[in-house]
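Accompanying notes for the structure given below.
Rule-based calculations on the coordinates, nothing more; no lab input. Since the model is a prediction, treat every value here as computed from it, not as a measurement. Reconstructed Cβ throughout: ideal geometry from the backbone, glycine too, with neighbour counts over all protein chains shown.
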Amino acid sequence: MKIICLLSLPFILFLLPNFTLSQTEITVQGDVVNLRKLDDVKSEVVVQVKRFDKLSLMEKGKEATINGITDNWYKVKTKAGKIGYIFGHFTSLKKKGQITSTMTLNDVILGDCFHLIFDEIDFGDGRNQLGKYEGIIEDAYTDEKVYVGSKFRVTYNTLYSTKSMACSPNYPEELIETSTIIKLEKVE
């Protein structure tokens, strides 16, 4: 049997900070995406960015519909200091397909890979953002669970990630689309 999972350090990558509280970064999801001078598809291209590039979020811009897809523009800054606008559909904050649901954290498993199990969904393949709950991964290392059994408001979407066999860098990665947490809030 072939086991495939996400390569990560240490077993998970936190790429999408909580937008409503302290959003500072978004991740490019398109192959190659234009960063534009203004929040308009006809505006001059400042630079092109690639899938999984991290961009510093400066502000959420206007909503627009492009080729039948409605999303927001975001003013961002590249690691090289270039500032421009990116259409949200090509980022980790894309609206299309986004789901928010109250779910119970059933388990945090550390085996050959790291897995977060909310209700029946295993988010172990995603580049998940846990925000202020990054300590949730500690539940995999202890018998005294802090978060397992707790209810969370989970916002997730199907986003791109990479996987390799047995979480090993010795195996080639493959591009996948998988359920990925983009916002996590504990329900009191």
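A crude spin-label estimate for the pair residue 60 and residue 175, with each label 7 Å from Cα along the Cβ direction, gives 2.8 nm.
By its C-alpha gyration tensor, with a ≥ b ≥ c as the square roots of the eigenvalues, how is the range 20-90 shaped: rounded for a/c under 1.5, else prolate for a/b larger than b/c, else oblate? Rounded shape, in that the Cα axes give a/c under 1.5. Counting only residues at least eight positions apart within a chain, or on another chain, the lysines with an alpha carbon under 28 Å from that of residue 42 are 50, 54, 60, 62, 75, 77, 79, 82, 94, 95, 96. Label sites at residue 141 and residue 70, each approximated as a point 7 angstrom past Cα along Cα to Cβ, lie 4.5 nm apart.
With a ≥ b ≥ c the root eigenvalues of the C-alpha gyration tensor of the range 100-188, is it rounded (a/c under 1.5), prolate (a/b larger than b/c) or oblate?
Working: a/c = 2.38, a/b = 1.39, b/c = 1.72.
In terms of gyration-tensor shape, oblate.
Under 22 Å of direct C-alpha separation, and excluding same-chain neighbours fewer than eight residues apart, residue 151 reaches these lysines: 132, 183, 186. Dipole size of the chain about its Cα centre, with +1 on Lys/Arg Cβ and -1 on Asp/Glu Cβ: approximately 980 debye, rounded to the nearest 20. All Cα-Cα separations within the chain were binned at 10 Å from zero, giving a P(r) of 9, 35, 33, 18, 4, 0, each value a whole percent of the pairs.
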